[in-house]
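First the structure, in the form of structure tokens, and then the observations on it.
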Amino acid sequence: MSGPPEDPPTHSTGPPDRQTLRLLARHLSSESLLVETAFDPDSYEPRLLRGVLDAGRYPDSVTAARLDIRWFTTGDFSIHYVEVHEDGTRWECRWDRHPNTHNTRLHFHEPPSAVEVADLDLPSLHPLDVYSTVLAAIEDRIETLWSAQ
């Protein structure tokens, strides 16, 4: 009888979790904030899920916004949010769980440049819970942009 599976090496995120990426794509496709989802390189072998947000939900100063989602069989992930502004600047942040040397495995790359990193504490690492956390943060960001007008 074999024992439990070994933990993956601490330097590896493992292969893409295609089932989770497809689950998240189904949820994003019904989300009113998004106008399009696409897999990279394709839906048969997805490594990245991209969600294009509805620029009409933002003030005119934001010309585009997107989510880039990577999820791995190890439970590691990266969810990168990017806004492009009319002056060409970007406002971005990223929720990450992966082996690294800069912070704990679960961490957040803070806006506006996603350079500064802080440890992150989430109540659940289930993909749909992480997704809900990210979407709530994006909705808060949109409210903040409108209130600054």
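Derivation of every value follows stated rules applied to the coordinates shown; laboratory data play no part. Nothing here was measured: the structure is a model prediction, and the numbers come from that model. We place every Cβ from the backbone using ideal geometry, glycine too, and count neighbours over all the protein chains shown.
Of the conditions (1) free of Cβ contacts under 8 Å to residues at least 60 places away in the same chain; (2) in a strand (DSSP E or B); (3) surrounded by 15 or more Cβ atoms within 10 Å (Cβ to Cβ), Leu67 fails just one. Which one is it? So Leu67 meets the others, but not (1). State whether one or more residues within the range 85-105 are under 22 Å from Thr13 (Cα atoms) and β-branched (Val, Ile, Thr). Within the range 85-105 (the criterion being under 22 Å from Thr13 (Cα atoms) and β-branched (Val, Ile, Thr)), the answer is yes, since at least one residue qualifies.
Whenever a residue of the range 120-132 is within 16 Å of His98 (Cβ to Cβ), its partners that are of a type in the set (S, T, N, Q), lying with C-beta atoms within less than 8 angstrom and at least six residues away or across chains, give the pairs Leu120/Thr104; Leu122/Thr133; Pro127/Thr20; Val130/Ser124.
Considering only residues that are more than 14 Å from the chain's Cα centre (by Cα) and β-branched (Val, Ile, Thr), look in the range 13-54 and name the one that is surrounded by the fewest Cβ atoms within 10 Å (Cβ to Cβ). Filtering the range 13-54 for residues that are more than 14 Å from the chain's Cα centre (by Cα) and β-branched (Val, Ile, Thr), the one surrounded by the fewest Cβ atoms within 10 Å (Cβ to Cβ) comes out as Val35. Name the single residue, out of those in the range 55-84 being within 15 Å of the chain's Cα centre (by Cα) and of a type in the set (Phe, Trp, Tyr), that is farthest from Thr13 (Cα to Cα). Out of the qualifying residues, it is Tyr81. Close contacts from the range 32-43, counting a first residue that is free of Cβ contacts under 8 Å to residues at least 60 places away in the same chain and a second that is outside any strand (DSSP E or B) and exposed (fewer than 13 other Cβ atoms within 10 Å of the Cβ), with Cβ to Cβ under 7 Å and a gap of 6+ residues or different chains, come to Thr37/Ser29.
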